[in-house]
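No value in this document is a laboratory result; all are computed from the given coordinates. Keep in mind the model is a prediction, meaning the values are calculated, not measured. Here Cβ is always computed from backbone atoms with ideal geometry, including for glycine, and neighbour counts include all displayed protein chains.
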Amino acid sequence: MSATTLKTRIGEPDIECRYPVIIGENRVIGHAYRWHRDWLVVTSEGEHNLRRPPKGTKGIDMAAAYLAEEYAAGRVAAVALDLLLAEAPQPLNGPVPLLHPRMPASDRNRAGAKTAFAGLAEQRWRPVLHGFPGSDNPWYLLCELCGWSGVRYWSHHRGRNGNPPSAHRHDGGCIGEDRVRALIPAYRK
């Protein structure tokens, strides 16, 4: 079987924002995720950085094609999706560390993390697994207004050009934009 005939599908991301690449009846040939514009894959053989996708190519599509090729060549093994879901990381019950494990503990990163945590507290968001991953990396957060949790980016919470962040907090409905503006000063126009 060649990689061109191997049909893959992308599953729902886990709490670490890693997308399972699935073949057949829920067999995972690897996870794909984005970190500082690069796309990385995690397989039975470890982690591999695919770098940035070519212009016009979605990173997740590039990662899925790479994984299909590796699987077709016999270089990676497939694992049952149920097994991966059972072993998936769970939210922490207490505070998270200041920095994500991939973030170097530099003065600049610590300062950015403190700014991000203060902004999240003001906007009633809470990280539930890792510390600050950087402005443009996915961060799994909990909305303290309605209990929704999912991927957000700190860069989307900062607002632009002196304007407040959007009062539309996340898909799936929250408490409504008017109530958000009334409860949280950062969202007022």
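In segment 107-187, Cα pairs under 8 Å separated by at least six residues give a relative contact order of 23 percent.
Give, to the nearest whole percent, the P(r) tail of segment 1-111 beyond 21 angstrom, counting all Cα pairs. The calculated P(r) of segment 1-111 puts 42 percent of pairs beyond 21 Å. Sequence-distant contacts, meaning Cα pairs under 8 Å at least 6 residues apart, place the relative contact order of the chain at 15 percent. The simple Förster model, with R0 at 22 Å and r as the Cβ-Cβ distance, assigns Asp61 and Val151 a FRET efficiency of 0.75. Over the chain, DSSP H runs of length four or greater, each weighted -39,500 (n - 2.57), average out per residue to a 222 nm ellipticity of -7500 deg cm²/dmol. For segment 98-105, backbone phi angles converted through the Karplus equation (6.51, -1.76, 1.60; θ = phi - 60°) give residue-by-residue couplings of 5, 10, 4, x, 7, 8, x, 7 Hz, Gly and Pro being listed as x.
The packing ranking, built from the mean of other Cβ atoms within 10 Å per residue, places the peptides 132-141, 69-78, 103-112, 24-33 in the order 132-141, 24-33, 69-78, 103-112, highest first. By the rule of a C-alpha distance below 17 Å, with chain neighbours fewer than 8 residues away ignored, the aspartates and glutamates paired with Lys7 are Glu25, Asp61, Glu69, Glu70. Across segment 8-86, the relative contact order, built from alpha-carbon pairs under 8 Å that are at least six residues apart, equals 26 percent. Over segment 73-189, all Cα pairs binned in 5 Å intervals from 0 give whole-percent P(r) values of 2, 10, 18, 20, 16, 13, 8, 6, 3, 2, 1, 0, listed from short to long.
Rounded to the nearest whole Hz, the Karplus-based 3J(HN,Hα) values (6.51 cos²θ - 1.76 cosθ + 1.60, θ = phi - 60°) of segment 133-141 follow the sequence x, x, 5, 10, 10, x, 9, 7, 10, with x at glycine and proline. Close amide H pairs (under 5 Å, H built 1.01 Å from N) link Trp39 with Leu50, Arg51, Arg52, residues at least 5 positions away or on another chain.
Electrostatic tally near Leu98: other residues with Cβ closer than 10 Å to its Cβ, Lys and Arg +1, Asp and Glu -1, net +2.
Our coupling estimate for segment 50-61, obtained by passing each phi through the Karplus curve with A = 6.51, B = -1.76, C = 1.60 and θ = phi - 60°, is 8, 6, 7, x, x, 3, x, 10, 6, x, 5, 5 Hz, Gly and Pro reported as x.
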